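To keep things clear, I will list the structure first and then write my remarks on it.
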Amino acid sequence: MLLGGDFRQTLLVQPKSTNSQIMALTLPNSYLWPHFTVYKLHYHMRLSNADNTTIHSYSLSEFYSWLLDIENGNIGVLDATDPENTKVIDIPPKFLIDTMKGLQSLIDFVYESEILANPSPEKLSDRAIICPKNETANKVNALISLKNTCHQIVYKVVIQ
């Protein structure tokens, strides 16, 4: 059996449990854990993409390193109200999206101009902007469509 994932991101949900009770339910605390062999991955597959420009790859590498530092607890100041479970983290200005440009800045970061000029399933399949609402997804799609200079076909599904 092969299991994959980051155990820090796959915590169980048990209503009205304390943090220690939830941690006790995780796989590493199971009686089965001694029978597992753990292999850790140390290479960012997204950074190996040949389509990335050097600047884009560098910024992604820097961003991923920052995220890993957060996950590992290397960044942040303990919160005064809950120092055992919470840290306050300042987002570096280079990772902030200009609110005046908002979605357009995000689209430019995720989809390089070359990808939008010559889209293909291969180039688009490893990039996504996750939206919490369909309304936001529609806005993102509309902005991407405006930037796309190639011929577009829109198929509409009619449900009867």
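The values are calculated or read from the model by the stated rules, or taken from the named source; none is laboratory data. The shown structure was predicted, so the numbers you read here are calculated from the model rather than taken from an experiment. Please note: Cβ atoms are built from the backbone with ideal geometry, for glycine as well, and neighbour counts cover all protein chains shown.
Out of 77, 88, I need the residue that is of a type in the set (A, V, I, L, M, F, W, C) and more than 20 Å from the chain's Cα centre (by Cα). Which one? Result: 77 is the single residue among 77, 88 that is of a type in the set (A, V, I, L, M, F, W, C) and more than 20 Å from the chain's Cα centre (by Cα).
With the condition kept exactly as written, say whether any residue in the stretch 88-103 is of a type outside the set (A, V, I, L, M, F, W, C) and more than 21 Å from residue 63 (Cα to Cα). Among the residues of the stretch 88-103, not one is of a type outside the set (A, V, I, L, M, F, W, C) and more than 21 Å from residue 63 (Cα to Cα), which makes the answer no. Taking the conditions exactly as written (touching a residue at least 60 places away in the same chain (Cβ under 8 Å) and surrounded by 12 or more Cβ atoms within 10 Å (Cβ to Cβ)), does residue 123 satisfy them or not? So residue 123 passes the test. The condition of being surrounded by 10 or more Cβ atoms within 10 Å (Cβ to Cβ), outside the structural domain of residue 128 (by TED's automatic domain parsing) and either within 30 Å of residue 113 (Cβ to Cβ) or modelled with pLDDT of 85 or more (or both) holds for only one of 17, 59, 30, that being 59. Among the residues of the stretch 143-152, is there at least one that is at pLDDT 80 or above, out of contact with any Ser or Thr (no Cβ under 8 Å at 6 or more places or on another chain), closer than 30 Å to residue 20 by Cα and not in a loop (DSSP other than H, G, I, E, B)? No. Evaluate the stretch 96-105: report whether one residue or more is over 18 Å from the mean Cα position of the chain (by Cα), at pLDDT 80 or above and part of a loop (DSSP other than H, G, I, E, B). Within the stretch 96-105, not a single residue is over 18 Å from the mean Cα position of the chain (by Cα), at pLDDT 80 or above and part of a loop (DSSP other than H, G, I, E, B).
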